[in-house]
Amino acid sequence: MAQDNTLYSEPYRPQYHYSPPCGWMNDPNGMVYYEGEYHLFYQFNPKDIFPGPMHWGHAVSPDLMHWENLPIALYPDEIGPIWSGTVVVDDRNTSGLVPGGGLVAIYSYQNQSQGVAASMDRGRTWVKYDGNPVIDALEKDFRDPKVFWHEATNQWVMIIAVGQKAQFFTSPNLLDWELVSSFAEGHLAGVWEVPDIFPMEINGQTKWVLLMSVSTLAPASGGGVQYFIGDFDGRTFTNDNPPTTVLWLDYGPDNYAGTTWNNLANRRVYIGWMSNWQYAGSTPTAQWRGAMTLPRVLQLVETADGIRLAQSVAEEAAALRQPLGQWDAQALEGEWVVPDVHGRRLEIIAEFEVGTAERLGMDVQSNGTDRTRIVYNPARSQLLIGRSDTVDGSTIPSFNPAFGAPLRDTRLKLHIFVDESSVEVLAQDGLISLSAQTFVNPASDGLRLFAENGSAQLTHLEVYALDEIWAAARTQPLDLCG
């Protein structure tokens, strides 16, 4: 039957980020590009807006922005619910499960054993391997395999999170796996989850980037994603930085369990779950809970501190733009309400000379009292976000209202994406990221800039309204939300 035409129109519903049609969503899973489609699988409980028996939800997109919801890909079975994992293109049928080539999923069961399923019809239907599990539950926390083909050694490689370390396995066929090494450096706290590892080029050399989500004590409290840069020989990862160095992909509270698309030839694209286990079950949404960050292109850049990751929102997002205005060489002292700009779906590009101001920045989702504040404090060398932790007078439990990233510069460059219930800030050409859910009065839609206790110069400002992406989904026949 057709969906209710109010679907994707509820209060706080993201309008250009992916969120599920109903139920609960967390980690992105099985990210793969195949035959012209970007696949997004995700942890999904279709029956409630709280975590429950996990399935793999499924959506596809031709452009990373417009998503079509598909039927559930993987259901719980006699072994248990289906947790996070990966999908690869087995074009040579090394597994023996996809004659002529197809997709193979490798995933964790809730009991921490690892299973396999195969698809011969572009991910629309899946057949689980009758020999599951292919790896038993070797430790208490042993999950979230990311698998890829390592060309130099002609084998499949799996990285999997195990307590507070990563382990590497190799296989000729996706079914028989050998443990070959372990890695445990950086932020050794909580439980490690959802690893990823991939090669990237910089200055004519290949470096390997290892991503690992950690469940606690990240910069904004709760979980976060750390990364490492080094070398990988098909068996062992070697970190370029000292073992205690901790590099964060994001300094906000709402970018967790992120992973990248397999089978993309010319760029590395990342997406994360835009929530935090500290309060994910308490956010003020109805019918659904959970959203993804915007897809982001990763690249390596040289900095004064060494090689670092930088992020930019995938260029496909520019197709959603509707220009609202451009301003240059605007002196800032006190407040400036940007004229004729209102909206809950905005893209903002801004550049400031810091000047003498003690604090400067902008308020989005603003009506003067309700707002989300993005502020640079030069004396504290921090770029901060301040958000309300109350909705209609009720406090959202554990919803930390302020957090920041280290930044020290006389020129502030911001690229900001505002949606109905989120703000994503990329600063200094993407070297700094702050991602946050925000639950501000839906009537608050203004934009104002400010410089406090001194002056600053707004050297450039561009503002765009962004089209919503869900018109087709509101009438799409899909029996997920009965």
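The values are calculated or read from the model by the stated rules, or taken from the named source; none is laboratory data. A quick note: this is a predicted structure, and the numbers were derived from the prediction, not measured. Heads up, the Cβs are rebuilt from the backbone with ideal geometry, glycines too, and the neighbour counts pull from every protein chain shown. The accessibility values were calculated without ligands, DNA or RNA, using every heavy atom of the protein model including side chains. Shrake-Rupley method; radii C 1.70, N 1.55, O 1.52, S 1.80 Å.
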Self-check item: Flag for Val246 being β-branched (Val, Ile, Thr) and more than 13 Å from the chain's Cα centre (by Cα)
Solution: yes
Self-check item: Exclusive hit being under 24 Å from Lys207 (Cα atoms), more than 14 Å from the chain's Cα centre (by Cα) and open to solvent by less than 10 Å² (accessible area, probe 1.4 Å), set Gly272, Gly234
Solution: Gly234
Quiz prompt | Listing of strands (runs of 3 or more DSSP E) fully contained in the stretch 407-471 that carry 1 or more residues being at positive phi and in contact with a strand residue (DSSP E or B) (Cβ under 9 Å, 6 or more places away or on another chain) | solution = 446-466
Quiz item: How do the pairs read when you match residues in the stretch 187-200 that are closer than 12 Å to Asp144 by Cβ and touching a residue at least 12 places away in the same chain (Cβ under 8 Å) with residues anywhere that are basic (Lys, Arg) and open to solvent by 30 Å² or more (accessible area, probe 1.4 Å), using Cβ under 9 Å and keeping only pairs 6 or more apart or on different chains?
Solution: Trp192/Lys165
Practice problem: Scan the stretch 289-332 for residues that are outside any strand (DSSP E or B) and touching a residue at least 12 places away in the same chain (Cβ under 8 Å) and report the count. | Solution: 11
Quiz item: Which of the residues that make up the stretch 355-374 are open to solvent by less than 10 Å² (accessible area, probe 1.4 Å) and more than 18 Å from Phe439 (Cβ to Cβ)?
Solution: Ala357, Leu360, Gly361, Met362
Self-check item: Long-range neighbours under 6 Å by Cβ, at least six apart or interchain, first residue over 20 Å from Gly252 (Cβ atoms) within the stretch 206-232, second of a type outside the set (Ser, Thr, Tyr) and not in a strand (DSSP E or B)
Solution: Ile229/Asp240; Gly230/Asp240
Quiz item: Of all the residues that make up the stretch 325-339, how many are over 22 Å from Ser422 (Cα atoms) and either of a type in the set (D, E, K, R) or open to solvent by 40 Å² or more (accessible area, probe 1.4 Å) (or both)?
Solution: 10
Quiz prompt | Among residues of the stretch 1-15, those that are among the polar types (S, T, N, Q), modelled with pLDDT under 90 and surrounded by 18 or more Cβ atoms within 10 Å (Cβ to Cβ), counted | solution = 1
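Yes or no, residue by residue, for (1) modelled with pLDDT of 95 or more; (2) of a type outside the set (Lys, Arg); (3) closer than 25 Å to Asn367 by Cβ; (4) surrounded by 22 or more Cβ atoms within 10 Å (Cβ to Cβ):
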residue: Asn400; (1), (2), (3), (4): no, yes, yes, no
residue: Leu407; (1), (2), (3), (4): yes, yes, no, no
residue: Leu414; (1), (2), (3), (4): yes, yes, yes, no
residue: Glu424; (1), (2), (3), (4): yes, yes, yes, yes
residue: Gln428; (1), (2), (3), (4): yes, yes, no, no
residue: Gly446; (1), (2), (3), (4): yes, yes, yes, no
residue: Glu462; (1), (2), (3), (4): yes, yes, yes, no
residue: Ala472; (1), (2), (3), (4): no, yes, no, no
Practice problem: Filter the stretch 20-52 down to the residues that are without any contact (Cβ under 8 Å) to a residue 40 or more places away in the chain and open to solvent by 20 Å² or more (accessible area, probe 1.4 Å), then identify the one that is farthest from Asp254 (Cα to Cα). | Solution: Gly36
Quiz item: Quick one: which of Asp63, Asp136, Asp91, Asp130 is of a type in the set (Asp, Glu), closer than 30 Å to Glu315 by Cβ and either crowded, with 19+ Cβ neighbours inside 10 Å or more than 21 Å from the chain's Cα centre (by Cα) (or both)?
Solution: Asp91
Quiz item: Of the numbered conditions (1) of a type in the set (Val, Ile, Thr); (2) closer than 27 Å to Gln287 by Cα; (3) assigned to a loop (DSSP other than H, G, I, E, B), Ile72 satisfies every one except a single condition; which is it?
Solution: (3)
Quiz item: Pro378 versus (1) open to solvent by less than 50 Å² (accessible area, probe 1.4 Å); (2) in contact (Cβ under 8 Å) with a residue 60 or more places away in the chain: which is the lone unmet condition?
Solution: (2)
